[in-house]
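None of the figures in this text is laboratory data; all of them are computed from the coordinates on show. Here the structure is a predicted model, which is why all the values come from computation and not from measurement. Cβ: placed from backbone, ideal geometry, glycine included. Neighbour counts: every protein chain shown.
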Amino acid sequence: MPVRAADAATDKIGRFNRLSASQANTWEDCPRLWWYQNKLRLKFPQTPPLFLGRAVEETVCRVFMESPGMIFYQAPADVMEIGADFLLPLLDDEVPDTEEKLLLWCEKRVDVHWPIIRDKMHAEWQKHARKGGNWHDYSMQQYRDMCVTATKMHIGEVIKCMQEVGARELTMWREGHKLEIPAPDTRSKEFDRHPLARYGECTLVEAWEIARPWFVDPDAPDFSLNVVHPEHWFQGEYDLVYRHCNSLRIMDLKASRGGGDRSGNYVEQLRIYAMLWSITHDGQIPDALEVWYLGVEVRKSIPVPTAAEIDIMEGKLKDLWSEIKETEITAEDCPPIPRPLRGYSEGGVKIEDPKENRCDTCDWAGLCPNGTGDDDLPAGGEYEKPGDIKVYDLTPFNDLQPRVDIFCEIFSIKEIDFGPPNIMIQQNDGFAHIKIIHPGDEDNPSYPDGLKKGDTVRLEGVIPSTNWKGELQLKVDPHARIVKSSSPGESDIGLFDFRARWNVAGRVCYTTHKTGIGKNGKPWARKGVVLIDDTGRISVEGWDNAWPSIFNTLQQGDEIAVLNVSLDAWAIDVKANLEKGSSLQILSRQN
C-alpha cells in the first residue's frame with residue numbers, strides 16, 4: 001500500500017505537527033532557516049519553476065492515468081472524467097504496438113494536457129501574494145519536453161514489464177485482480193477478465209496497464225494520499241511507486257537538471273521514503289530508489305538503506321521531531337549554523353563542494369544574525385510620532401486578541417440550499433451578522449443542527465469585523481464555534497465591548513501584492529507586509545490605495561510601526577487590516 005492514513009482514534013499529533021523529509025532537510029541545512037520557514041511560517045519567493053514543476057508532475061500523472069488501449073491520442077483532456085469503466089477498448093489496429101508508436105501516443109497526450117495544466121498553474125502563480133520572478137523568462141517548451149521525457153522513462157518500465165512479467169502476475173491481471181491500493185486509473189469495477197486482456201505473451205498495451213505506477217491522483221484532496229508513520233509523528237508522499245515483476249521501486253520526479261546543493265537533499269529524501277515504506281510494510285525494503293531528472297533525461301540511482309540504517313534513520317528523525325515539534329522551542333534553540341554547500345553537476349553527479357557560503361543566497365539574510373540582521377527584535381512598548389504629543393502603546397504580536405466569546409440570542413436564521421445558513425444574532429439592543437466561513441466537519445461542526453429564532457448560544461472564538469455595509473460581522477473560522485447554551489461563560493463580553501483598534505511594530509520580512517477581478521468586473525489590488533517581533537509574526541494588509549507611498553520603499557530588515565489597525569484571523573494566523581485612520585511609521589532602516 002503506497003498510502004497509510006492516520007488513525008483518527010489514536011492520532012494525538014495532527015497533520016500540521018508531523019515531521020516531513022523536507023523539514024528534516026531544512027533543519028540540516030540550517031536550524032534558523034527551519035525556524036523562519038516552519039515556525040514563523042515565512043514564505044520564500046514563489047517563483048515560476050515551483051509552479052511549472054507542479055504542472056509537469058500533474059501532466060505526467062494525467063497521461064499515466066490514461067490507457068493507450070482505451071483512448072485515442074487526440075481525445076479531449078477530460079475523457080477520463082466518465083471513468084475507465086465506461087470506455088470501450090480500441091480496435092487492435094488502433095492500439096500502439098511498438099515502442100515508437102507508444103512514445104508518439106504519450107507525446108500527443110502530453111500536448112493535450114500540458115497547455116491546460118500550464119495555464120492553470122500560471123493563474124495560481126499570478127494570484128499568489130508572494131510571487132517572484134517573471135513567468136515569461138522560462139521556456140514553456142522545455143517544461144513540456146520534461147513531461148515527454150518522463151513518459152519515455154516510464155516506457156522503459158513498460159518494456160521491462162512486457163519482457164519479464166511472470167505468468168502468475170500476468171494471469172492475475174488478466175482475470176481482473178487489483179492491488180489493495182491500485183494505481184489511479186479511474187477503474188472501479190472488478191472484472192472477470194480485464195477488457196484489454198489478451199492470450200499468450202504479454203502485449204505492449206497489457207504491459208502499460210500492469211506496469212502503471214502508483215502516483216498521487218491529481219484529483220484527490222490534499223493530504224489524503226500521504227503515508228503516515230504508525231506513531232503519527234512523520235508523514236510523506238511518494239511520487240511514483242512501481243510494483244510490477246515482483247520488484248518494489250520508488251521514483252522521485254524532478255523537473256530540473258539536477259545541479260546544485262539541492263540534489264543532496266533529494267538523496268536524503270528518497271532514503272527517508274525507503275525508511276517510511278519499510279516501517280509501514282512490516283520491514284519490507286524497496287528494491288531500488290531513483291531520482292528522475294527530467295531536464296537532462298537522467299535516472300539517478302540512490303543507494304537503498306539497509307535494515308540497520310533504517311533503524312538509525314528512524315531513531316534520529318524521531319529525536320528531531322521530539323526536539324522541534326513535541327515541545328515549544330524558541331529562536332535561540334535554532335542557531336544560525338548552516339551546513340556547507342554541496343556540489344552536484346547535471347544529473348545529480350557529485351562534484352567538488354563549492355567555496356560559497358549558504359548564507360550568501362538565503363532568503364532570510366536580512367533577518368538573520370549570520371546576514372545583516374540580529375535577534376534584537378521589537379517587543380511592544382511605546383511610540384511617539386514626531387510632532388505629535390500622543391503616545392501609542394505598541395502591543396506584542398502574541399498579545400493581540402482577534403477573537404472574542406459572546407453570549408447572545410438568535411434573532412433570525414435563513415437556511416441556504418448550498419452552504420451554512422445566514423444568521424443574525426442580538427444582544428440587548430445590538431445586532432450582528434454571523435459569517436460562517438468554515439462549517440467544520442462531521443465530527444466537529446462549527447455550528448449545531450436545528451438552530452432557530454430565540455435560541456441562546458455562545459459564540460466561542462469568533463472574529464469581529466465589519467461587512468461591506470459597515471455592519472458588525474462575527475466570523476466563524478476553523479478555530480471558532482457556535483454552541484447552544486442557556487447561560488454565559490466567564491470570558492463572554494458585550495457585543496460592542498471588543499477592542500477595535502491596535503498599534504503594532506515589527507521587523508519587515510517581505511511585502512505582498514494580490515490582484516484580482518471583483519464580482520462587479522472591476523480590478524482590485526491589495527498590498528501587505530509580513531512582520532516579526534520578539535513574540536511571533538503577523539501580516540498587515542490593506543487596499544492598494546490605502547498605503548502611503550513610503551510602503552514601496554520597504555525592505556527586509558526595516559522596522560516599522562503600523563498604528564490604528566483592526567484585527568482579523570484565520571486559524572492560527574493573525575492579520576492586521578490597514579483602514580481609514582491607520583498610518584505607517586518607519587522606526588529604522590536596514591541600511
| Dipole moment magnitude, nearest 20 debye, the chain about Cα centre, only Lys, Arg, Asp, Glu C-beta charged | 1360
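Can you check what the net charge comes to around Thr372, using other residues whose Cβ is under 15 Å from the Cβ of Thr372 (Lys, Arg +1; Asp, Glu -1)?
Working: positive: Arg32, Arg507, Arg589; negative: Asp360, Asp363, Asp374, Asp375, Asp376, Asp558, Glu559.
Result for the local shell: -4.
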| field | Average Cα contact separation per residue, the range 45-221, under 8 Å, 6 or more apart, as relative contact order % | value | 35
| query | Hey, rough spin-label estimate for Asn467 and Ala220, points 7 angstrom out along Cα→Cβ, what's it come to in nanometres? | reply | 4.0
| query | Can you list the residues, at least 5 places off or on another chain, whose amide H is less than 5 Å from the amide H of Arg4, using H built in the peptide plane? | reply | Val227, Val228
| log10 I(q)/I(0), Debye, Cα-only the range 402-484, no solvent, q = 0.14, 0.24, 0.25, 0.26 Å⁻¹? | -0.41, -1.31, -1.43, -1.54
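Taking square-rooted eigenvalues a ≥ b ≥ c of the alpha carbon gyration tensor, is the range 358-452 rounded, prolate or oblate, where a/c under 1.5 means rounded and, failing that, a/b exceeding b/c means prolate? Intermediate results must be reported in sequence, preceding the final value.
Details: a/c = 4.04, a/b = 1.81, b/c = 2.23.
Oblate.
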| request: Would you grab the residues whose amide H sits under 5 Å from the one on Ser485? Only those 5+ places off in sequence or on another chain, please, with H modelled 1.01 Å from N. | output: Thr456, Val457, Arg458
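Using a ≥ b ≥ c from the Cα gyration tensor of the range 288-342 (square roots of the eigenvalues), is it rounded, prolate or oblate, where a/c under 1.5 gives rounded and otherwise the larger of a/b and b/c decides, a/b for prolate? Could you put the intermediate results ahead of the total?
On the way: a/c = 3.07, a/b = 1.61, b/c = 1.91.
Oblate, because a/c is 1.5 or more while a/b does not exceed b/c.
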| Mean-position separation - Cα centroids, the range 540-589 and the range 39-106, in angstrom | 44
| said: Suppose each label sits 7 Å from its Cα in the direction of the beta carbon; what would the Ser188-Asn17 distance come out to in nanometres? | reply: 3.7
| request: May I ask you to list the trypsin sites (Lys or Arg not before Pro) in the range 331-436 that are in a DSSP loop and have at most 10 other Cβ atoms within 10 Å of their Cβ? | output: Lys355, Lys390
| said: Which lysines, if any, have their Cα less than 30 Å from the Cα of Lys519, not counting same-chain residues under 8 positions apart? | reply: Lys43, Lys120, Lys127, Lys131, Lys414, Lys435, Lys469, Lys475, Lys527, Lys575, Lys580
| 20 Å binning of all Cα-Cα separations within the chain, expressed as whole percents from 0 upward | 16, 44, 33, 7, 0
| said: Within a 10 angstrom radius of the beta carbon, how do Lys300, Lys519 rank from fewest other beta carbons to most? | reply: Lys519, Lys300
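Specify the longest stretch of the chain that does not include any exposed loop site, a site being one of the chymotrypsin sites (Phe, Trp or Tyr not before Pro) with a non-H, G, I, E, B DSSP assignment and at most 10 other Cβ atoms within 10 Å.
Working: sites that count: Tyr199, Phe418, Trp468.
Value returned for the longest uninterrupted segment is 200-417.
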| Given H placed 1.01 Å from N in the peptide plane, which residues other than close sequence neighbours of Tyr392 have an amide H under 5 Å from its amide H? | Tyr383, Glu384, Lys385
| message | What distance in nm lies between label points placed 7 Å from Cα along the C-beta direction at Tyr199 and Ile351? | response | 5.8
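So which trypsin sites (Lys or Arg not before Pro) in the range 93-181 pass both tests, a DSSP loop state and at most 14 other Cβ atoms within 10 Å of the Cβ? Spell out each step's value before the answer.
Numbers: sites: Lys101, Lys108, Arg109, Arg118, Lys120, Lys127, Arg130, Lys131, Arg144, Lys152, Lys160, Arg168, Arg174, Lys178; in loops: Lys127, Arg130, Lys178.
Passing both the DSSP loop test and the Cβ count: Lys127.
Under 1.5 on a/c is rounded, so check that first for the range 45-221, then, if it is not, pick prolate when a/b is larger than b/c and oblate when it is not; a ≥ b ≥ c are the square roots of the alpha carbon gyration tensor eigenvalues. Mind showing how you got there, number by number?
Numbers: a/c = 2.28, a/b = 1.98, b/c = 1.15.
In terms of gyration-tensor shape, prolate.
Just in the range 352-384: which GluC sites (Glu not before Pro) are loop by DSSP and have at most 12 other Cβ atoms within 10 Å? Walk me through the numbers before you get to the answer.
Values: sites: Glu352, Glu356, Glu382, Glu384; in loops: Glu352, Glu356.
Sites meeting the loop and neighbour criteria: Glu352, Glu356.
Averaging sequence separations of C-alpha pairs under 8 Å and six or more residues apart, then dividing by the length of the chain, give the relative contact order as a whole percent. Spell out each step's value before the answer.
Numbers: 1075 pairs, mean separation 69.4, N = 591.
Across the chain, relative contact order equals 12 percent.
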